[in-house]
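Notes to accompany the following structure.
Read the figures in this text as sums done on the coordinates, not as results from a lab. In this text, all values refer to a predicted model and were calculated from it rather than measured experimentally. Here the Cβ is made from the backbone with ideal geometry for all residues, glycine too, and neighbour counts use every protein chain on show.
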Ligand SMILES: *[C@@H]1O[C@H](CO)[C@@H](O)[C@H](O)[C@H]1NC(C)=O
Ligand SMILES: *[C@@H]1O[C@H](CO)[C@@H](O)[C@H](O)[C@H]1NC(C)=O
Ligand SMILES: *[C@@H]1O[C@H](CO)[C@@H](O)[C@H](O)[C@H]1NC(C)=O
Ligand SMILES: *[C@@H]1O[C@H](CO)[C@@H](O)[C@H](O)[C@H]1NC(C)=O
Ligand SMILES: *[C@@H]1O[C@H](CO)[C@@H](O)[C@H](O)[C@H]1NC(C)=O
């Protein structure tokens with residue numbers, strides 16, 4: 001079936017010279033979406049016709065189909081029918097933590113909780129146990145040997161940087177001091193394992209697309225704007241990478257709408273459209289998928305996408321005190337269906353729909369639910385602060401607790417165990 005083109009909307013206009021208010025808003029909507037998506041008209045009707053869009057999780061179908069093909073780096077198969085992301089946290093003092101905070105010099109001071117006085121250490125001893133199968137244990141030797149002569153890159157925001165640092169911490173102890181290094185220059189941080197001719201890199205691009213928050217150090221936080229169709233601006237730095245791990249979520253969450261720039265940030269008069277967060281996010285995801293389809297070789301490379309990292313800024317979500325948050329939380333959430341109010345299900349749906357359209361497989365790391373149980377795992381107040389705290393803040397630790405980022409070692413090591421499992425046992 002041919003996707004309807006723009007002439008069909010002008011046809012509508014001719015047929016009914018006096019527009020009903022409904023038709024008018026419909027057309028206005030089409031215009032906005034058309035501007036946003038440019039070439040991709042099928043999308044418009046996907047949006048409009050929400051009653052008939054596929055509701056079955058299409059990722060499942062894609063994965064079934066894709067797993068019949070051999071994925072690069074695969075050495076075995078996951079147990080059939082096992083969803084790695086469904087399960088529970090079990091206490092395991094014998095195998096956790098996977099490394100010591102003090103033994104990994106690469107952890108940024110925003111994530112070193114013990115160094116910054118965290119009094120409890122239980123958060124380090126939980127192991128993820130999927131229902132009905134087990135998670136492969138992370139073999140650092142295998143991972144490093146696999147990376148020999150290769151590049152692995154994490155692309156996204158500070159949460160992806162946390163996962164990146166976790167990966168470096170999980171591997172670095174196998175490499176002698178003199179043959180490893182980490183350097184940051186602008187948006188790119190590179191960990192080099194010289195003897196392996198391997199790099200593990202992080203590229204700062206919180207929206208994946210070009211935005212006004214792209215400076216790796218000074219991000220203009222208020223009034224965020226993303227430029228439509230600008231993925232190559234950052235994407236040129238990802239070319240030639242063998243294993244890519246994307247994330248993007250939190251920076252889009254500025255309310256119910258989001259600003260999209262057509263044209264360029266250098267234009268005299270900026271042409272900005274304000275659309276719903278979901279429409280903006282979908283545009284970003286589609287750009288990523290298109291980039292992957294054009295630039296990654298499915299026979300030789302792998303691509304991962306990590307789902308939304310949940311935050312724990314409102315205790316009331318888990319039945320706590322209305323004025324509290326993750327501060328002083330040392331236990332896990334027991335309700336298996338718990339889902340925090342900061343984590344939008346509508347965005348999960350967009351991810352599901354967009355990833356199901358990719359030709360080059362993108363392995364989905366669905367870490368949202370399992371991480372949402374971990375209100376104990378955030379850095380809270382135990383981190384280096386950007387600016388000195390005021391007496392008012394000090395008197396009320398809840399006011400400056402960071403309930404977004406995660407202590408290392410900790411939860412994000414599990415994200416990498418899941419990545420490891422999916423890389424070798426897709
Ligand atoms: C880890 O991987 C290496 C290299 O493939 C292999 O020789 C070793 O036996 C593995 N170790 C474990 C504990 O499986
Ligand atoms: C080192 O790895 C790069 C890819 O990251 C590759 O292009 C290059 O040929 C490798 N060099 C050697 C000496 O193996
Ligand atoms: C991947 O490999 C298969 C079989 O070896 C081949 O038919 C296909 O063209 C390759 N795809 C690409 C993108 O190189
Ligand atoms: C922290 O939580 C414990 C109970 O888990 C409570 O007794 C204690 O008063 C709390 N501390 C602060 C500073 O809120
Ligand atoms: C990810 O996991 C959650 C919870 O298990 C589930 O509701 C959601 O549909 C999953 N997302 C996708 C895209 O499969």
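Full-extension gain between residue 133 and residue 270, please, as 0.36 nm times their residue separation minus the C-alpha to C-alpha distance. Intermediate results must be reported in sequence, preceding the final value.
On the way: separation 137, 0.36 × 137 = 49.32 nm, distance 5.27 nm.
Working it through step by step, the gained length comes to 44.0 nm.
What order, most packed first, do the peptides 351-360, 161-170 have when packing is the mean number of other Cβ atoms within 10 Å of each residue? Don't skip to the answer; put the middle values down first.
Details: 351-360: 19.0, 161-170: 25.0.
For the peptides 351-360, 161-170, the packing ranking is 161-170, 351-360.
Quick one: order 318, 91, 251 by neighbouring beta-carbon count within 10 Å, fewest to most. Can you show the working numbers first?
Working: 318 18, 91 11, 251 21.
By the 10 Å Cβ count, ascending: 91, 318, 251.
So between residue 82 and residue 121, what do we pick up on full extension, going 0.36 nm a residue minus the alpha carbon distance? Before the final figure, lay out the partial values.
Values: separation 39, 0.36 × 39 = 14.04 nm, distance 3.10 nm.
Value of the extension gain: 10.9 nm.
So between residue 297 and residue 181, what do we pick up on full extension, going 0.36 nm a residue minus the alpha carbon distance? Each step should come with its number before you reach the end.
Numbers: separation 116, 0.36 × 116 = 41.76 nm, distance 2.86 nm.
Here the answer is 38.9 nm.
Can you give the FRET efficiency for residue 316 and residue 384, using 1/(1 + (r/R0)^6), R0 = 41 Å, r = Cβ-Cβ distance, to the nearest 0.05?
On the way: r = 29 Å, r/R0 = 0.70.
Calculated value: 0.90.
At 7 Å along the Cα-to-beta-carbon direction for both residue 70 and residue 335, put a label point, then send me their distance in nm to one decimal.
4.7
Quick one: if you stick a label point 7 Å off each Cα along the C-beta vector at residue 174 and residue 328, how many nm between them?
Simple spin-label model gives 4.4 nm for this pair.
By per-residue mean of other Cβ atoms within 10 Å, what is the highest-first order of 118-131, 282-295?
Working: 118-131: 17.2, 282-295: 20.7.
For the peptides 118-131, 282-295, the packing ranking is 282-295, 118-131.
Report the far tail of the P(r) of segment 355-426, meaning the percent of Cα-Cα pairs longer than 17 Å. Numbers along the way, then the final one.
On the way: 1499 of 2556 pairs.
Taking all Cα-Cα pairs of segment 355-426, the fraction more than 17 Å apart is 59 percent.
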